[in-house]
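What follows is a single structure, written as structure tokens, with notes after it.
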Amino acid sequence: MNPLIFTTILMTVLLGTMIVMMSSHWLMIWIGFEMNLLAIIPILMKKYNPRTMEASTKYFLTQATASMLLMMAIIINLMHSGQWTITKVFNPTASIIMTSALAMKLGLTPFHFWVPEVTQGISLTSGLILLTWQKLAPMSILYQISPSINLNILLTMAVLSILVGGWGGLNQTQLRKIMAYSSIAHMGWMTAVLVYSPTLTMLNMLIYIMMTLTMFMLFIHSSSTTTLSLSHTWNKTPLTTTLILITLLSMGGLPPLSGFMPKWMIIQELTKNSSIILPTLMAIMALLNLYFYMRLTYSTSLTMFPSTNNMKMKWQFETKRITLLPPLIVMSSLLLPLTPMLSILD
Amino acid sequence: MLKIIIPTIMLMPLTWLSKKNMIWINTTTYSLLISLISLSLLNQPSNNSLNFSLMFFSDPLSAPLLVLTTWLLPLMLMASQHHLSKEPLIRKKLYITMLTMLQTFLIMTFTATELISFYILFEATLVPTLIIITRWGNQTERLNAGLYFLFYTLMGSLPLLVALISIQNLTGSLNFLLIQYWNQALPDSWSNIFLWLACMMAFMVKMPLYGLHLWLPKAHVEAPIAGSMVLAAILLKLGGYGMLRITTMLNPQTSFMAYPFLMLSLWGMIMTSSICLRQTDLKSLIAYSSVSHMALVIVAVLIQTPWSYMGATALMIAHGLTSSMLFCLANSNYERTHSRTMILARGLQTLLPLMAAWWLLASLTNLALPPSINLIGELFVVMSSFSWSNITIILMGANITITALYSLYMLITTQRGKYTHHINSIKPSFTRENALMALHMTPLLLLSLNPKIILGFTY
């Protein structure tokens, strides 16, 4: 794509999300979502083949439906409150419709079906933008309406998302689908604590974005989209295998890596609000996620998979320069001792 | 405590910056020096704990375990030299880094005051151990072994995290030094029963309790020698240590909640000892004998009498040294014949008489011969369980007999009789191996002169 046009489209995506995050008028928020959606379709379709066309179409249809539902919720809110300012939602119906719309945008169960298929159909870089940047806008709206969300619906969606994210990823070998199911599960964790402490949602989002960025960059670095091709990294850059191990263990939420911090804080917040069974169940279901991460580490870092002679061809190509990979890796694995600093968020 | 933790962390740069022919010398020497520092902790002046800071403390229970941990690192390094000798330099350094990281986490776990900090470090010990087992083990079964190890422990310990956080919300602090003074009886309710279960199951899986012990034979057998040593000697004791710490907060539910686990342990120790009599795999035999000894520790911790606590602590230290020594001996066989089958290398006394002397001493301490500290531990446990209920003497007596049976079975199979014709060309024992066994045996024998230091805080 022409670099100038690509930059314009990328800036439109950024601008759309910024408009969503910074507006106080509901109509502007809807406009921001639409701008974001329309501009990201060309980015998803960077390579022009039927698979990306299908993925982009699915993405467009689901997100457009969600935007329409969002518009309906906005109108019902307008009808009952008489004003367009974004504060809490004044009508339970509008709240439920808005929560469902935002869940569709995020990929929470039962609206998660588009996430694996869309992520699989697009290139790694587009998948990166899809799973990290696109989550910021709906999450910011959820943050702002959090006092008025129906707790039952949100918690049901959260727990089901963690379940689906765990179980769905078990049978996958394609890395992008694995990242998609991991995203569904992490969204579940984020929305579970939304009503109790939205700050922790933002913390989880931050750490999730760091870890997903790291993972995708490691995948891009070794140009691998399947488990099999990831298992050949020991041939080319053995150091990457160690980094993949550390980042995957961090995503699974193992102490002492920084992926444990959001889980720990969320469990703490939930138990402070006297729900004990819920965080126990959530924590145990996160182990399903850990299982397929472990499977990836087994084939990549902890064993040396047999590789054919073709793999030695990879030595001929220059390694891609990945910006910001070292700081990202450090941040996605070593942040746990900084947990006491979270007290500044109160 | 930083005087132990910082040198241990600095062992990592030492490894990476050493020259090729100096890595083993440097790391073994410095880790021996660190263990000498930790010996000073054994001087516990009063009944209270020695408090180094708000975050670290050591009391008569954790000091012997800490000394055992730091003592074991040089021994692990000595034991790993042979099987790593053919690996490239970076992999050797990675291995030593994993061992050092594990050591750091273990030292911090045993001296943590805050229970959440204890939890995080307890979980943190899983990662280096998993990497050691899965990356450097020798058979394909090691992958399954690593998964079992990780997931059994995590399933048990996630409820512990929730329980610790809810206790912190209820009582305001999880600092262990404070809790021992604040202790009040837990009210009797269903949710407190689940709290008890949540707190104890993590340690039960780690010990391991008989019904949850499936990870242990896999992990011990598939791990390389240093992994087996640290698993058997220290990581199992983490469970015992955690149970000893957390039962102070869990009264009075323990009086009735402990019954199922007592039954499982009492029956389990007989079962696992009996299985040892039918093992063909040497490391598997030692692994099941670990389960059996740890079942005694579980019984001791759950009946909560002063003598049983003394027995539990002594048994943990004694078993740590003994089973680590047995794994080293099994590994010396494995390095020569590359097989763990017992009958494949028998009659070794004729070929390696000095090693046979170490086999004899290790088997004798394993079956708790007087006056070793193994006997002191087992005897205290048997006595206190007899006073708790007279009938347990039958099971305990049967267990001691069966332990003697399989220890002698192991000794006689590997050492006595005519040697097999295909091992007449094995290499003689290295000085390193003899030194390793001597360094295991000497503390064990010397402690029988003054067992007071390992008897824990109820002495």
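So if I check each of B:THR8, B:THR29, which one is of a type in the set (Val, Ile, Thr), within 14 Å of B:GLN103 (Cα to Cα) and outside the structural domain of B:TYR181 (by the TED database)?
Working: B:THR29 fails: within 14 Å of B:GLN103 (Cα to Cα).
On inspection, the qualifying residue turns out to be B:THR8.
Could you list, in sequence order, all residues of segment B:199-228 that are within 12 Å of B:SER284 (Cβ to Cβ) and charged (D, E, K, R)?
Once the filter is applied, which keeps residues that are within 12 Å of B:SER284 (Cβ to Cβ) and charged (D, E, K, R), segment B:199-228 yields B:LYS218, B:GLU222.
Please go through segment A:85-136 and give me each residue that is surrounded by fewer than 21 Cβ atoms within 10 Å (Cβ to Cβ), of a type in the set (A, V, I, L, M) and under 17 Å from the mean Cα position of the chain (by Cα), ordered by number.
A:LEU124, A:ILE129, A:LEU136
Taking A:ILE244, is it touching a residue at least 40 places away in the same chain (Cβ under 8 Å), more than 10 Å from chain B (Cβ to nearest Cβ), more than 23 Å from A:TYR196 (Cα to Cα) and in a helix (DSSP H, G or I)? Write out each step before concluding.
Numbers: touching a residue at least 40 places away in the same chain (Cβ under 8 Å): yes; more than 10 Å from chain B (Cβ to nearest Cβ): yes; more than 23 Å from A:TYR196 (Cα to Cα): yes; in a helix (DSSP H, G or I): yes.
The answer is yes for A:ILE244.
Name the residues in segment A:15-38 that are part of a helix (DSSP H, G or I) and either over 27 Å from A:VAL89 (Cβ atoms) or among the polar types (S, T, N, Q) (or both), would you?
Here is the first cut: in segment A:15-38, the ones part of a helix (DSSP H, G or I) are A:15-22, A:26-38.
Matches in segment A:15-38: A:THR17, A:ASN36.
Taking the conditions exactly as written (under 22 Å from A:PHE292 (Cβ atoms) and surrounded by 19 or more Cβ atoms within 10 Å (Cβ to Cβ)), does A:ILE220 satisfy them or not? Steps first, answer last, please.
Details: under 22 Å from A:PHE292 (Cβ atoms): yes; surrounded by 19 or more Cβ atoms within 10 Å (Cβ to Cβ): no.
No: the conditions fail for A:ILE220.
Given the structure, is B:LEU262 without any contact (Cβ under 8 Å) to a residue 60 or more places away in the chain and either in contact with a helix residue (DSSP H, G or I) (Cβ under 6 Å, 6 or more places away or on another chain) or in a helix (DSSP H, G or I) (or both)? If you could, list the steps in order and put the result at the bottom.
On the way: without any contact (Cβ under 8 Å) to a residue 60 or more places away in the chain: yes; either in contact with a helix residue (DSSP H, G or I) (Cβ under 6 Å, 6 or more places away or on another chain) or in a helix (DSSP H, G or I) (or both): yes.
Yes; evaluated as a whole, the condition is true for this residue.
I'd like to check something: does segment B:199-209 contain any residue that is at the interface with another protein chain (Cβ under 10 Å from one of its Cβ atoms) and part of a helix (DSSP H, G or I)? Walk me through it before giving the result.
Going residue by residue through segment B:199-209, those that are at the interface with another protein chain (Cβ under 10 Å from one of its Cβ atoms) are none.
No; the residues of segment B:199-209 include none that is at the interface with another protein chain (Cβ under 10 Å from one of its Cβ atoms) and part of a helix (DSSP H, G or I).
Within segment B:273-313, which residues are within 17 Å of the chain's Cα centre (by Cα) and of a type in the set (S, T, N, Q)?
Within segment B:273-313, B:SER284, B:SER289, B:SER290, B:SER292, B:THR313 qualify.
Could you check segment B:353-391 and list, in sequence order, the residues that are under 28 Å from B:ALA435 (Cβ atoms) and outside any helix (DSSP H, G or I)? Write out each step before concluding.
Here is the first cut: in segment B:353-391, the ones under 28 Å from B:ALA435 (Cβ atoms) are B:353-377.
Hits for segment B:353-391 are B:LEU367, B:ALA368, B:LEU369, B:PRO370, B:PRO371, B:SER372.
Please count how many residues of segment B:214-228 are more than 14 Å from chain A (Cβ to nearest Cβ) and buried (at least 23 other Cβ atoms within 10 Å of the Cβ).
So the count comes out to 8.
Considering each residue of segment B:421-456, count those that are surrounded by 12 or more Cβ atoms within 10 Å (Cβ to Cβ), within 30 Å of B:PRO306 (Cβ to Cβ) and among the hydroxyl-bearing types (Ser, Thr, Tyr), and give that number.
Of the residues in that region, 1 qualify.
Search segment A:273-293 for residues being surrounded by fewer than 23 Cβ atoms within 10 Å (Cβ to Cβ) and without any contact (Cβ under 8 Å) to a residue 60 or more places away in the chain, and hand back the single one that is nearest to A:SER182 (Cα to Cα).
Looking at residues that are surrounded by fewer than 23 Cβ atoms within 10 Å (Cβ to Cβ) and without any contact (Cβ under 8 Å) to a residue 60 or more places away in the chain, I get A:LEU290.
Please work out if A:GLY259 is farther than 20 Å from B:LEU195 by Cα, without any contact (Cβ under 8 Å) to a residue 60 or more places away in the chain and not β-branched (Val, Ile, Thr). Spell out how you get there, then give the answer.
Values: farther than 20 Å from B:LEU195 by Cα: yes; without any contact (Cβ under 8 Å) to a residue 60 or more places away in the chain: no; not β-branched (Val, Ile, Thr): yes.
No, not satisfied.
What are the pairs, 6+ residues apart or on separate chains, where a residue within segment B:359-372 that is over 20 Å from B:THR414 (Cα atoms) has its Cβ under 6 Å from a residue that is surrounded by 24 or more Cβ atoms within 10 Å (Cβ to Cβ)?
B:SER372/B:THR365
Could you tell me which of the residues B:THR401, B:THR413, B:THR431, B:THR420 is assigned by the TED database to the domain that holds B:SER324 and either under 30 Å from B:LEU39 (Cα atoms) or touching a strand residue (DSSP E or B) at 6+ places or on another chain (Cβ under 9 Å) (or both)?
Values: B:THR401 fails: either under 30 Å from B:LEU39 (Cα atoms) or touching a strand residue (DSSP E or B) at 6+ places or on another chain (Cβ under 9 Å) (or both); B:THR413 fails: either under 30 Å from B:LEU39 (Cα atoms) or touching a strand residue (DSSP E or B) at 6+ places or on another chain (Cβ under 9 Å) (or both); B:THR420 fails: either under 30 Å from B:LEU39 (Cα atoms) or touching a strand residue (DSSP E or B) at 6+ places or on another chain (Cβ under 9 Å) (or both).
The match here is B:THR431.
Go through segment A:36-60 residue by residue and tally those that are among the hydroxyl-bearing types (Ser, Thr, Tyr) and without any contact (Cβ under 8 Å) to a residue 60 or more places away in the chain. Break it down stepwise before answering.
Here is the first cut: in segment A:36-60, the residues among the hydroxyl-bearing types (Ser, Thr, Tyr) are A:48, A:52, A:56-57, A:59.
Imposing the further condition that a residue be without any contact (Cβ under 8 Å) to a residue 60 or more places away in the chain reduces the set to A:48, A:57.
Number of matching residues: 2.
Only residues that are under 26 Å from the mean Cα position of the chain (by Cα) and within 14 Å of chain A (Cβ to nearest Cβ): list them for segment B:163-177, please. Can you show your working first?
First pass over segment B:163-177, keeping only residues under 26 Å from the mean Cα position of the chain (by Cα): B:163-164, B:174-177.
The answer is B:ALA163, B:LEU164, B:LEU174.
Filtering segment B:39-62 down to residues that are in a helix (DSSP H, G or I) and free of Cβ contacts under 8 Å to residues at least 60 places away in the same chain, which residue is farthest from the chain's Cα centre (by Cα)? Show your work before the answer.
Quick first cut of segment B:39-62, residues in a helix (DSSP H, G or I) only: B:39-42, B:62.
This time we only want the ones that are free of Cβ contacts under 8 Å to residues at least 60 places away in the same chain, so: B:39-41.
On the way: B:LEU39: 19, B:SER40: 22, B:LEU41: 20 Å.
Going through the qualifying residues, I end up with B:SER40.
Can you find, within segment A:264-321, the residue that is farthest from the other protein chains (Cβ to nearest Cβ) among those that are part of a helix (DSSP H, G or I) and among the charged types (D, E, K, R)? Explain how you work it out, then say what you get.
So in segment A:264-321, the residues part of a helix (DSSP H, G or I) come out as A:264-272, A:277-302, A:309-316.
Those still in the list that are among the charged types (D, E, K, R) too: A:269, A:272, A:295, A:312, A:314.
Numbers: A:GLU269: 9, A:LYS272: 5, A:ARG295: 9, A:LYS312: 18, A:LYS314: 20 Å.
So, considering only residues that are part of a helix (DSSP H, G or I) and among the charged types (D, E, K, R), the one farthest from the other protein chains (Cβ to nearest Cβ) is A:LYS314.
Every residue in segment B:178-191 that is surrounded by 16 or more Cβ atoms within 10 Å (Cβ to Cβ) and either within 21 Å of B:TYR119 (Cα to Cα) or within 14 Å of chain A (Cβ to nearest Cβ) (or both), please.
B:ILE179
The values are calculated or read from the model by the stated rules, or taken from the named source; none is laboratory data. Computed from a prediction, not measured in an experiment: that's the story for all the values here. Positions of Cβ are backbone-derived with ideal geometry, glycine not excepted, and every protein chain shown enters the neighbour counts.
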